[in-house]
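What follows is a set of notes on a single structure, which appears directly below.
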Amino acid sequence: MNWLDNINDKLKRTVRSWLQIQPSSPYNIQIQELADFDLCAIRNRIWYRGDSSELQQMYAQCQEYADRFKFWACKSTPGMEIRKIHTGLPKLIVNTLCAITLADMYDFDFDNDVQSQTWEEIDKENNFRSIMEDALRDALTVGDGVFRIILDTSESKHPIIEWVPGERVEYIRKYRRIHEIVIRIPYPDNHVLLAHYGKGYIHHELYKGDTLQDIKTYPPTAGVTDWQFDEGLMLAVPFMIFKNARFEGRGGSIFDSKLDNFDSFDEIWSQWMDALRAGRAKTYVPESCIPRNPNTGELMRPNSFDNRFIAGSDNMSENGKNTIQTEQPAIPHDSYLASYVTALDLCLQGIISPSTLGIDTKKLDNAEAQREKEKTTLYTRQAIVDAMQAQIPDLISQCINAENVLHHKAPEDVKVTLPFGEYANPSFEAQVETLAKARPGTAMMSIEAQVEELYGDSKDDEWKQEEIERLKAEQGVTAMQDPSVSMDAGEFSVSLEDDNESEGNEPPVQDGKDGVQKAPANRK
């Protein structure tokens, strides 16, 4: 058996040598970060502002290799300058998403009437819907921010709600949870007030440059005071919609990974408009055909508004003719349009549907086709609604408990919900047709359910009840009184007392305690 063992050993060594894999050498990849969160927030805000001169200045100051070849960073050759035009698409996207979301935001629903009344007073003092509009716009543009609750009885007897955008906020985390929120409040003369919001406290620090100053010596901050309250309260509520892929724990902007597309879109539109400017019609008029001044005989000068031409010399050849010629270069509109549509699709992809912005919406489309085109908008809007429903109730709870702090009351649990209506819901005619099919003479759907489904919150309960009664009356459904022991029937009445007397029996006796009728003693 020795020869068999030798063969097995040789086979094992051969297979082991054949399957031997050399491990790869380690690689060290270093990527230089071009901007921090604050710079990204400022850049996104400038894109939202939509001023072409600000975009030009911003990219002119960027010396990074990655940005100097972008359209807004490039410089034209002297004598060949091009007009750079910004389309304003980023601002249009953000404003449209804010409008379609806040338009369907209803009032808050509280389980406690006292808490509801307290919130109405706070809302009246702060105009919360306007604050929410600013917060939603900044959250979509910058990425995140904080609702700061201010306790200043000299300004208001209720808590003051202030929105602070993300570029002025820093989060201090512990075990991936927010432990403290630091808010930077800039003042003139290089003064910065740092407001530290933690669990159970609000602490302020004043800096001038890097030097800590006494907060009472600076007049704008002389009235600022620190607060101590229950450790279960934190009077600063962060708000974000999307998560940031680059900076952990921070919110993401809808402009992330879209700025290059916006830059290309502006370049295509600017090039198209430059081609139109360069492709104007040019009219060449011989000198003999130019009108003259009847008094002086001078040639009439061209007017750029209504008499634009280029004067030329006369054709003095033997067979020459002095004719007016108009030349205009051919502009490839189809190529520019195809590039424009492609760039626009890349800008809007995954964010909002073109039909939501009023782009390429055919008038012949029915309601169902319109809703199909707005699916991307529905997804983005639902993400915004989910974020608001998860985070805004916490803000409302903190505001009501801040009111309790001002009145030296103990904190309380606040149960509140934020309802939203539907967006791009079926039209009234489509709902009528659908409900008519649901009840073609059968009891598949009651009249009450039909009225509630058709009108919803557009009508009050009293009106809907009257409509239900009208529909029942038209269908011959009437409400009848339940049969009782004594009931009027026209000219005669039937009662148990008359029946007993006709039979010679005594009427039933009513017990004074329980009101229960008892049979007479002589009844068998």
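In table form, for the structure just shown:
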| quantity | calculated |
| --- | --- |
| Pairs where the first residue, in segment 206-226, is at positive phi and the second is open to solvent by 80 Å² or more (accessible area, probe 1.4 Å), C-beta under 9 Å, 6+ apart | GLY209/ASN190 |
| Residue in segment 418-433 that is touching a strand residue (DSSP E or B) at 6+ places or on another chain (Cβ under 9 Å), of a type outside the set (D, E, K, R), open to solvent by less than 30 Å² (accessible area, probe 1.4 Å) and modelled with pLDDT of 90 or more present | yes |
| Residue check for THR118: of a type in the set (Ser, Thr, Tyr), within 28 Å of GLN228 (Cβ to Cβ) and assigned to a helix (DSSP H, G or I) | yes |
| Qualifying residue in segment 266-285 (condition: open to solvent by less than 20 Å² (accessible area, probe 1.4 Å), assigned to a strand (DSSP E or B), closer than 30 Å to PRO332 by Cβ and at pLDDT below 90) | yes |
| TYR59 vs. criteria at pLDDT below 90, surrounded by 14 or more Cβ atoms within 10 Å (Cβ to Cβ) and assigned to a helix (DSSP H, G or I) | yes |
| Odd one out for MET80 among (1) open to solvent by less than 80 Å² (accessible area, probe 1.4 Å); (2) hydrophobic (A, V, I, L, M, F, W, C); (3) out of contact with any strand residue (DSSP E or B) (no Cβ under 6 Å at 6 or more places or on another chain) | (1) |
| When residues of segment 83-117 are limited to those that are of a type in the set (Ser, Thr, Tyr) and open to solvent by less than 60 Å² (accessible area, probe 1.4 Å), the one farthest from ASP266 (Cα to Cα) | SER116 |
| Some residue of segment 320-343 being surrounded by 13 or more Cβ atoms within 10 Å (Cβ to Cβ), closer than 30 Å to PHE255 by Cβ, at pLDDT below 65 and not polar (S, T, N, Q) | no |
| Any hit, segment 128-149, residues being farther than 24 Å from TYR48 by Cα and either modelled with pLDDT of 95 or more or not in a loop (DSSP other than H, G, I, E, B) (or both) | yes |
| Strands (runs of 3 or more DSSP E) wholly inside segment 163-233 containing at least 3 residues that are out of contact with any Gly (no Cβ under 7 Å at 6 or more places or on another chain) and of a type in the set (A, V, I, L, M) | 177-187, 191-198 |
| Among the residues listed as LEU102, LEU136, LEU97, the single one being closer than 19 Å to GLU162 by Cβ and touching a Lys or Arg at 6+ places or on another chain (Cβ under 8 Å) | LEU102 |
| Some residue of segment 384-405 being modelled with pLDDT of 90 or more, out of contact with any helix residue (DSSP H, G or I) (no Cβ under 6 Å at 6 or more places or on another chain), within 16 Å of LEU102 (Cα to Cα) and among the polar types (S, T, N, Q) | yes |
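The values are calculated or read from the model by the stated rules, or taken from the named source; none is laboratory data. Treat the numbers as computed from the prediction; the structure is a model and nothing was measured. Note that each Cβ is placed from the backbone with ideal geometry, even for glycine, and that neighbours are counted across all protein chains shown. Only protein heavy atoms, including side chains, enter the accessible area calculation; ligands, DNA and RNA are left aside. Shrake-Rupley method; radii C 1.70, N 1.55, O 1.52, S 1.80 Å.
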